Each structure stands twice: as C-alpha cells, then as structure tokens.
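Worksheet for the structure shown next.
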Amino acid sequence: MKSRIVVAAAVPLILGLLAACGGGASGVSTSSANDAQGPITIWYSNNAQEVAWGEQMVASWNKLHPSEKVSGQQIPAAASSEEVIGAAITAGSEPCLIYNTAPAAVPTFEQQGGLVSLSSFPGGAAYIEARTGPGASVYKSPDGQYYQMPWKSNPVMIFYNKKIFAKAGISTTNPPLSTYTEFLATAKKLVSSKAAQYAIYPDPSSDFFQSWYDFYPMYAAETGGTELVENGKSTFNSTAGDAVAAFWQQLYAENLAGKESYTNDPFASGAAAMAIVGPWAIDSYQGKVDWGVVPVPTTAGSHGDQVPTFSDAKNIAMYASCKNRGTAWDFLKYSTSTAEDGKLLSMTGQMPMRQGIQQLYAPYFKANPAYTEFAAEAAHVIEVPNVPNSIQDWQVFRDAWSKSVIFGQQSPDAALTGAATAINKLVAATTP
C-alpha cells in the first residue's frame with residue numbers, strides 16, 4: 001500500500017505528541033529489555049480496515065494478558081510514515097512495534113540506531129523463516145539479522161475498467177494487454193475513442209516510492225524478478241530497463257498517461273481506464289468500478305498469475321526505545337499467528353506473508369474469488385533491496401525517471417545511466 005499520509009501537523013508538534021513505550025534508545029539495555037515484560041504501545045496504519053483489525057487484535061490480547069497491556073493507535077499524521085518514524089527515533093519516542101514499516105526505510109532506521117534485531121530473541125529467525133518460507137531471506141539486513149518481520153504484501157497488477165473497455169470496443173474478458181505492443185495499441189484505442197481521458201494514470205509526483213507503481217513492477221516482470229540493486233550494483237541500466245523506460249516514455253509522449261497531479265483516484269473516478277495497484281484497493285472500488293485484473297505486460301507477453309511483480313509490502317519492526325521487549329516479542333508472534341493472519345486477510349484483503357495461504361485459508365478464497373489471483377501472485381514478488389541509503393537510492397532513481405521518462409527533459413538513456421552511477425556510489429557508501 002502506498003505510504004503517503006495526509007499532512008496534518010508540523011514535525012515539531014508531532015514529536016511532542018508521540019506516544020512511546022518509554023525511554024530513549026540509549027537508556028535501554030538489550031540484555032535486560034529482551035526479557036522484560038509489561039505494558040507496551042504499538043502503532044498501526046490509518047487505513048480503516050487495518051485500524052479495525054488492529055483494534056480487535058489488541059483487545060483480544062489485553063483480555064488474555066491484563067498485566068501486559070498493549071495500547072494501540074494509528075500512526076501520527078505526517079508527510080509520510082517514514083518521516084514520522086524517523087522523527088520519533090531521533091526523539092527517542094518510538095512505540096515498541098510499528099505495523100507500518102516500509103522495507104525501503106529499514107536501512108535508514110538501522111543507521112539511526114532505531115531498530116531491535118528480531119534475531120536476538122531465542123528462535124527469532126526460525127519463527128520468521130517458518131512463517132514466511134524461503135522468501136524471508138530478502139528481508140535480512142547485510143549483517144544477516146532480521147530487523148523487520150515480513151508481514152503482509154499487496155502484489156500489484158493491472159486493474160482495468162470493464163465498462164470503459166466495452167465502450168471502446170475492447171474485450172473485457174481477454175483484453176489485449178499482455179505485450180508492450182498490445183498494451184500501447186489498447187491505450188491508444190481507449191483514448192482515441194474517448195472512452196477515457198487517459199489509458200493509465202500512475203502518480204507522476206516526485207516522491208521516492210512512486211516508481212514502485214510504474215517502473216518497478218514492469219521491471220520485475222521483464223527481468224523475471226530482478227531487484228533494483230543486486231550484489232551491490234544497480235541493475236536497471238540494461239536492455240530490460242531501457243525497454244521499460246521506452247514503454248512509459250511513449251505513453252507519456254502520446255498523452256496516454258497523465259502528467260499532472262490528480263487530487264482523487266483517477267481510476268475510481270473514470271478519468272483513467274487502468275491502474276497499477278494491489279488487492280488493498282478492491283474494497284475502495286466496490287460499487288464504483290466493474291474491474292478486471294491482468295498481470296503487468298512484458299515485451300514478450302505475460303499471462304497468468306505467476307508473473308513477477310512488486311510486493312508493496314508493509315512489515316513490522318521493533319523499535320529501540322522499547323523497554324518491555326519480551327512482551328513486544330510475544331505480542332508480535334501473537335499478531336502474526338495463523339488465526340490473526342486469517343483475520344488480517346478477511347478484514348483487509350491483504351496477503352499475509354505466510355506459506356500456503358491459498359490452502360490454509362481456502363474458505364476465504366472460495367467466498368472471495370476476486371482475491372485468488374493476488375494470493376497466487378504473492379509467491380512471485382520482488383522487494384525493494386535492503387541496501388545502504390535505500391530511500392536516497394530510490395529518490396535518485398525517481399528524479400531521473402521524472403526528468404526523462406515523464407517530462408522529456410533528458411533522454412532516458414542518459415538519465416538512467418547517471419542514476420545508476422549515483423546509486424552505485426550510495427550503496428557502496430559506509431555508515432559513518
């Protein structure tokens with residue numbers, strides 16, 4: 001789910017209001033805190049469905065553990081969740097657990113000294129790997145430890161508006177969207193027929209995470225699952241990266257994709273015929289859009305529900321100011337149990353990062369077939385790389401992408417070559 005949050009207050013005010021488990025990171029002894037039991041505070045997303053899930057989960061724990069009460073609240077409003085969490089770490093006022101930790105931000109929070117290694121708890125790594133399976137390894141930090149619990153994913157795919165496609169005379173059951181050539185031809189038909197103002201409308205803003213909803217899923221599909229950075233080097237300055245950039249450049253150059261900021265959701269409003277989004281959005285489209293879903297396209301053609309895409313995951317992390325880490329660890333396991341993962345799925349439509357969810361929660365998927373393809377895709381996702389300066393890496397990429405692909409102020413080849421060089425230097429940089 002996108003990490004944008006409405007700005008509600010200046011950061012200094014936020015710092016004065018943040019709830020915490022108590023104490024700054026420097027005042028907490030790891031050896032004693034890992035065993036300590038007692039009250040803790042947690043934050044969860046301000047997404048309505050997640051709030052409902054979090055409230056029932058906290059209530060059920062408190063009923064069973066009256067001497068280890070958990071206080072839950074929505075993450076305070078700010079420009080982004082990364083901003084408010086980073087500010088809280090600096091102030092030493094983080095809660096024990098945050099159920100809205102973006103994997104891209106984990107390296108930065110580590111550099112701040114704000115995270116607790118979950119591997120430091122007895123059986124910690126084993127618990128994570130047993131629940132998540134082989135995919136857990138991508139969430140390890142370079143030191144081999146887990147500073148985040150893989151929690152839930154939202155595999156992004158192409159949603160299309162069946163009503164708009166029908167108006168344009170395009171198949172609503174097997175739309176020609178598999179290859180870049182097909183997709184572009186379909187996009188032109190959607191706009192030229194005036195069925196929609198735009199074929200697709202990813203957010204063109206410069207936020208570092210916006211490339212996760214245009215470039216990155218298609219790069220994942222085109223490469224068979226290559227991350228932005230692998231083995232300490234950027235990967236996108238390549239034939240595959242060039243192909244993805246050329247595809248999007250043509251969409252923007254021919255005004256098939258919007259370049260201006262759009263206040264509301266352009267797909268939900270009908271301004272755009274397609275969107276790249278995950279299953280969390282299904283509920284918001286209920287009663288507004290008669291939609292279908294297909295995998296993102298590739299040059300050769302993509303079919304089925306096993307095409308690599310971006311995970312759009314949000315994870316759980318334990319923060320350094322937490323004093324009662326024993327309770328926090330027990331609560332983290334409680335909140336990611338088979339039962340609570342089932343409730344998360346049924347209440348939010350988001351995919352728990354747990355092995356075999358299609359079989360384990362078969363009754364849910366039978367009753368809600370619209371989510372089945374996303375459950376299958378959840379086993380074929382890539383993540384943002386866990387590398388130094390991760391957010392800066394993505395910002396460098398986004399700036400180059402915006403300047404060249406979206407706004408045509410530089411050739412994509414030159415822009416992405418420059419971005420690759422800059423990112424290689426950032427990744428190679430050592431923490432002071």
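The values are calculated or read from the model by the stated rules, or taken from the named source; none is laboratory data. These numbers were taken from a predicted model, which means no experiment stands behind them. Quick reminder, even Gly has a Cβ in these numbers, built from the backbone with ideal geometry, and neighbours come from all protein chains shown. Just the protein is used for accessible areas: all its heavy atoms, side chains included, with ligands, DNA and RNA removed. Shrake-Rupley method; radii C 1.70, N 1.55, O 1.52, S 1.80 Å.
Of these, K259, K333, which one is closer than 30 Å to A166 by Cβ and among the basic types (K, R)? It would help to see each step written out before you state the result.
Values: K333 fails: closer than 30 Å to A166 by Cβ.
Exactly one of K259, K333 is closer than 30 Å to A166 by Cβ and among the basic types (K, R), namely K259.
Looking at (1) under 22 Å from the mean Cα position of the chain (by Cα); (2) farther than 30 Å from Y201 by Cβ; (3) at pLDDT 95 or above; (4) surrounded by fewer than 22 Cβ atoms within 10 Å (Cβ to Cβ), can you tell me which one K323 breaks?
K323 satisfies all of (1) under 22 Å from the mean Cα position of the chain (by Cα); (2) farther than 30 Å from Y201 by Cβ; (3) at pLDDT 95 or above; (4) surrounded by fewer than 22 Cβ atoms within 10 Å (Cβ to Cβ) except (1).
Please give the helices (runs of 4 or more DSSP H) falling wholly within the stretch 352-403 in which 1 or more residues are under 20 Å from the mean Cα position of the chain (by Cα), touching a residue at least 12 places away in the same chain (Cβ under 8 Å) and under 23 Å from A339 (Cβ atoms). Please lay out each step first, then the result.
On the way: elements: 357-360, 362-367, 372-377, 390-401.
The helices (runs of 4 or more DSSP H) meeting that bar are 357-360, 372-377.
Please go through the stretch 303-319 and pick out each residue that is buried (at least 24 other Cβ atoms within 10 Å of the Cβ) and either in a helix (DSSP H, G or I) or of a type in the set (G, A, S) (or both).
Those that are buried (at least 24 other Cβ atoms within 10 Å of the Cβ) and either in a helix (DSSP H, G or I) or of a type in the set (G, A, S) (or both): S311, A313, A317.
Against the definition (closer than 25 Å to S193 by Cβ, in a strand (DSSP E or B) and open to solvent by less than 40 Å² (accessible area, probe 1.4 Å)), how does A273 come out, yes or no? Let's see the steps before the verdict.
Numbers: closer than 25 Å to S193 by Cβ: yes; in a strand (DSSP E or B): yes; open to solvent by less than 40 Å² (accessible area, probe 1.4 Å): yes.
Yes.
In the stretch 257-267, is there at least one residue being open to solvent by less than 10 Å² (accessible area, probe 1.4 Å) and farther than 19 Å from D207 by Cβ? Break it down into steps so the answer makes sense when it comes.
Here is the first cut: in the stretch 257-267, the ones open to solvent by less than 10 Å² (accessible area, probe 1.4 Å) are 257-258, 267.
Those still in the list that are farther than 19 Å from D207 by Cβ too: none.
Checked the stretch 257-267: no residue is open to solvent by less than 10 Å² (accessible area, probe 1.4 Å) and farther than 19 Å from D207 by Cβ.
Does G38 fit the bill of being open to solvent by less than 30 Å² (accessible area, probe 1.4 Å) and either in contact with a His (Cβ under 8 Å, 6 or more places away or on another chain) or of a type outside the set (S, T, N, Q) (or both)? Please lay out each step first, then the result.
On the way: open to solvent by less than 30 Å² (accessible area, probe 1.4 Å): yes; either in contact with a His (Cβ under 8 Å, 6 or more places away or on another chain) or of a type outside the set (S, T, N, Q) (or both): yes.
Yes, satisfied.
Which pairs have Cβ atoms under 8 Å, sit 6 or more apart or on different chains, and link a residue in the stretch 212-228 that is among the small types (G, A, S) and modelled with pLDDT of 95 or more to one that is part of a helix (DSSP H, G or I) and open to solvent by 30 Å² or more (accessible area, probe 1.4 Å)?
Final answer for the pair search is G225/H380.
Condition test on D242, is it under 17 Å from the mean Cα position of the chain (by Cα) and surrounded by fewer than 19 Cβ atoms within 10 Å (Cβ to Cβ)? Give the derivation first.
Numbers: under 17 Å from the mean Cα position of the chain (by Cα): no; surrounded by fewer than 19 Cβ atoms within 10 Å (Cβ to Cβ): yes.
In short, no.
Looking for something out of contact with any Lys or Arg (no Cβ under 8 Å at 6 or more places or on another chain), in a strand (DSSP E or B) and at pLDDT 95 or above - is there at least one such residue anywhere in the stretch 79-90?
No, because not a single residue in the stretch 79-90 is out of contact with any Lys or Arg (no Cβ under 8 Å at 6 or more places or on another chain), in a strand (DSSP E or B) and at pLDDT 95 or above.
So which of K194, K189, K167, K152 ends up being open to solvent by 10 Å² or more (accessible area, probe 1.4 Å) and closer than 25 Å to G304 by Cβ? Working first, answer last.
Numbers: K194 fails: closer than 25 Å to G304 by Cβ; K167 fails: closer than 25 Å to G304 by Cβ; K152 fails: open to solvent by 10 Å² or more (accessible area, probe 1.4 Å).
None of the others qualify; the one that does is K189.
Specify which of the listed residues (W280, W329) is open to solvent by 30 Å² or more (accessible area, probe 1.4 Å) and either in contact with a strand residue (DSSP E or B) (Cβ under 7 Å, 6 or more places away or on another chain) or closer than 30 Å to Q145 by Cα (or both). Explain how you work it out, then say what you get.
Details: W329 fails: open to solvent by 30 Å² or more (accessible area, probe 1.4 Å).
Being open to solvent by 30 Å² or more (accessible area, probe 1.4 Å) and either in contact with a strand residue (DSSP E or B) (Cβ under 7 Å, 6 or more places away or on another chain) or closer than 30 Å to Q145 by Cα (or both) holds for just one of W280, W329, which is W280.
Among the residues of the stretch 91-106, what is the count of those that are open to solvent by less than 10 Å² (accessible area, probe 1.4 Å) and assigned to a strand (DSSP E or B)?
4
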